[in-house]
Structure formats: structure tokens, C-alpha cells
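Working notes, beginning with the structure itself.
The values are calculated or read from the model by the stated rules, or taken from the named source; none is laboratory data. Just so it is clear, the model here is predicted, and its values are computed rather than measured. Cβ atoms come from the backbone with ideal geometry, glycine included; neighbour counts cover every protein chain shown.
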Amino acid sequence: MNQSIGSNRSLGSIIGLGTSVPGQSVDQDDALAMSSDIICEDERQRRLMRMLFRKSGVSSRRTVIPWKTAYFWNRQRSPQGRGPGTGDRMSLYERYAPQLATEACRQAMAMDPSAVRHTVMKERLEQYDPLGSDNDVESDGFGPLSQPVPVDPSSVTHLVTVSCTGFAAPGLDWHLFDALGLSPSVQRVQVGFMGCHGAINGMRTARGLAAADPDAVVLLCAVELCSLHYRMSWENEAMVGNALFADGSAAAVVVGANRVADFPEAIPIIDSASIRIPDSDDQMSWRIGDHGFDMTLTGQVPVSIEGHLQAWLSDWLRPHGLSPSDIGDWIVHPGGPRILDATEAALGLKPCDLQRSRDVLSELGNMSSPTVLFVLQRSLKAGRSGPRVVLAFGPGLVAEATLLG
């Protein structure tokens, strides 16, 4: 290992990962038929919708509420024709986000299911959730250790939560205190509204906390319910979101220098970087609207990625004695097929280098911030060696990256 990489090992290391998705899935063909029925007003729109869905790279997705709920939303359309108001969608978030987040954290901490405390779900909104949910959650845990060591909830010193699809106070962090049995003295940080690269911002925060306190045990949890912001009327640059986005949660445990000796196979977080791509203000946006959050994604995003990514990453990696060709594993957020294609082209990668990103996109869709941790988890299971770069893109256009040992 390069000496500069080894010298940074103690600043913060990942000792466990967990992921969770709703038990309910929707096939992409069904999602296309639903979107065509509800949104499209003429044959041109139906043709464009088919093209978007078929080029999305998505085969199926998971949602917290049954996908056919959109037909009920359509029958109760507001005067603006856009479905439930933002307040009602936030109530749905408060009901369903905690269970996904709790299960991802449980897996990351290698906790026995019986150790999780029962908490009362927020009351169901009959008007906008008439089909209810079976509340099933599917999850997976995988630590860097071949024999993961359970993390005692009482040892957690910091909690970092990440989300851009819902907010409440007290909110997700409050629920995790109760469900996991965290100490009331745990210090909290909320990384909010940063989009698909939010988990990387969360890892940067966790690393900083671990660097400041070598005894730190930081629990990082990202959860997104993108399906709650389903668009009910035609808008050219917004329809791609209906074809891509899904629900899910991922969590990681990061420890400081005084703890890492107990985890010899822990993955060090070496460094992080960020670049605000010039002249990209209108390429990707995520704004709070009256009927959910409004996403726009233009075709210029892949062009900007291909034009700026290689030089930026090369400059960042150079002080570590590395170049892009030295990276053993690329953990790239699957924002969509064209974003993955642009990343491959910019870095001279082979299609197989990003296969796990494509697999996650196909099987689970784009879950926004947690998605890149799903890719990392699959990489670890496949036994891929480092150094690793975790990479994602978000509104404006901003690229965020983390270097892992």
C-alpha cells in the first residue's frame, strides 16, 4: 500500500455496512404502464415516456407504499393536477422512513433483531395511503470483518443522518435513539437535501468526527423515500425521475483510532474531495414544491461529467501517490446509464468496472443517497481489493468522492 495511504489509516475506518429496502417491488413495465395512464395526454408523450423507461437501466424498484397507490392519487388530483401536497407526503415519510433506517442500522451494527425496540409507527393517512403497506423490509449486512463483531448501542458516540426526501423534527434521529437504544448523550449531525452524493458527505462528516475523537463510534444512516415525490403531470425535464428513482436505506459504522485495533480488517477512510463543476447551475436541481419535491435532470449532466471528471480526480489522487489507473475498485453512484457511461469514458474504464453499479440500478433503481453504499457492500462481498474510490454526483452539478484503503 502507498505510504501516504497507510499513514492516514487512523483517522476513521468503516467496520460495518447495512442496507434495507421495502418488501414491495414494482416491475418497470408496470411502472411504465402506470405513468402512461396517469400522466401522458397524447401519443407523443407516451412515446417519449416509453423511451425514457426503456433506456433507464432499471428492471424493478422498491417502494414503501404499493405502486398502484398512484392511481388513487390520480383520482384525487388537486386543482393543479399534481397529487398530494408536500405536507401529506412528509407525513408518509414520517411513517415509513424510520423502519427502513432502523433495519439498515441494525445490520451495520450486527445487532440481533430481538435487541431492536418496538416503536409505534405514525398513523396511516387513509386518503393518500389507502392500500396501506405490509411493512415488510428486506435487509442485508456485511462488515469488512470475516466475523463481524456486534456494536454495542451504548458505545455509539455520534449519529449522522442523511436524507433529502423528507424532514421532521423530532425526526429520524429521534426514532433511532429509541429503536436502537442509543445513549441520550449521543451527538447528532443531519446532512440534509444534498441529493445523491449525500452519503459521501456523511462519510466525510463521520471521518471528521472520528479524527477529532479517537474513541468515537459514529453511526451513519442514509434513507430516502424517492417514490413519495412521484410526478403526476407532464414536465419534460422531470419525467426521467419517474423512470429511475426508488426507496431504500443504508448505514455504516465508522470508528476512531483507539477503536480500530479491535477491527484489523476495517476499511480506512483516507480522504475526500469535492468539485463544483462550472456553468452547471441548471443541469440538476432538487427543490421543495407545493406537491412534493421537484427534480429536474438535463441531458447536459453526462457531458459535464465526461469533460471534467478525469482531470479533477487525477489532481486529487496525485498527493496520495495514485492515479485513476491505480484504483482497484470504482464505487460509482448509478444515477442513470448515461452517467455511468460518461464516468467510464472520462476515466477510461471497462464496462465490467462499473458492473455492480449497473446491477444495483437494474435491481433496485436509483435510491438517491444510500445507493452508493449498496454498491460498496456488493463490492466488499465480491472480494474486490482497494484502493477504492466512492463517487457520486448531485445538484448544481457537484461531484463528491471518497478514497478508501
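What the table below lists for this structure:
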read-out: Conditions (1) outside the structural domain of Cys40 (by TED's automatic domain parsing); (2) crowded, with 23+ Cβ neighbours inside 10 Å: number failed by Arg207; value: (1)
read-out: Of all residues making up segment 241-270, the number that are in a helix (DSSP H, G or I), surrounded by 23 or more Cβ atoms within 10 Å (Cβ to Cβ) and touching a helix residue (DSSP H, G or I) at 6+ places or on another chain (Cβ under 7 Å); value: 2
read-out: Residue match in segment 67-82 (condition: at positive phi, assigned by TED's automatic domain parsing to the domain that holds Leu225, at pLDDT below 95 and of a type outside the set (S, T, N, Q)); value: yes
read-out: Filter result for Glu344 (in contact (Cβ under 8 Å) with a residue 40 or more places away in the chain, among the charged types (D, E, K, R) and closer than 29 Å to Met295 by Cβ); value: no
read-out: Within segment 308-327, tally of residues that are surrounded by 15 or more Cβ atoms within 10 Å (Cβ to Cβ) and not polar (S, T, N, Q); value: 10
read-out: Candidates Met111, Met121 - the one that is over 30 Å from Pro337 (Cα atoms), assigned by TED's automatic domain parsing to the domain that holds Asn242, among the aliphatic types (A, V, I, L, M) and in contact with a Cys (Cβ under 9 Å, 6 or more places away or on another chain); value: Met111
read-out: Residues located in segment 19-59, provided they are more than 30 Å from Ser379 (Cα to Cα) and crowded, with 17+ Cβ neighbours inside 10 Å; value: Leu32, Met34, Ser35, Ile38, Ile39, Cys40, Met49
read-out: Selection count, segment 343-368, where residues are surrounded by fewer than 24 Cβ atoms within 10 Å (Cβ to Cβ) and either among the hydroxyl-bearing types (Ser, Thr, Tyr) or at pLDDT below 95 (or both); value: 4
read-out: Filtered residues of segment 88-140 (kept if β-branched (Val, Ile, Thr) and either over 28 Å from Ala266 (Cα atoms) or part of a helix (DSSP H, G or I) (or both)); value: Thr102, Thr119, Val120
read-out: Residue count for segment 151-170, restricted to those that are touching a residue at least 12 places away in the same chain (Cβ under 8 Å) and more than 19 Å from Ser227 (Cβ to Cβ); value: 10
read-out: Residue count for segment 275-308, restricted to those that are part of a helix (DSSP H, G or I) and modelled with pLDDT under 90; value: 0
read-out: Asp152 vs. criteria within 30 Å of Gly386 (Cβ to Cβ) and of a type in the set (Asp, Glu); value: yes
read-out: When residues of segment 141-158 are limited to those that are in a helix (DSSP H, G or I) and either modelled with pLDDT under 75 or over 24 Å from the mean Cα position of the chain (by Cα) (or both), the one surrounded by the most Cβ atoms within 10 Å (Cβ to Cβ); value: Ser155
read-out: Which numbered condition Arg358 misses (of (1) assigned to a helix (DSSP H, G or I); (2) over 17 Å from the mean Cα position of the chain (by Cα)); value: (2)
read-out: Selected residue (criterion: farthest from Gly198 (Cα to Cα)) from residues of segment 369-388 that are surrounded by 24 or more Cβ atoms within 10 Å (Cβ to Cβ), out of contact with any His (no Cβ under 6 Å at 6 or more places or on another chain) and not aromatic (Phe, Trp, Tyr); value: Gln377
read-out: Yes/no for His197 being in a helix (DSSP H, G or I) and closer than 30 Å to Phe72 by Cβ; value: no
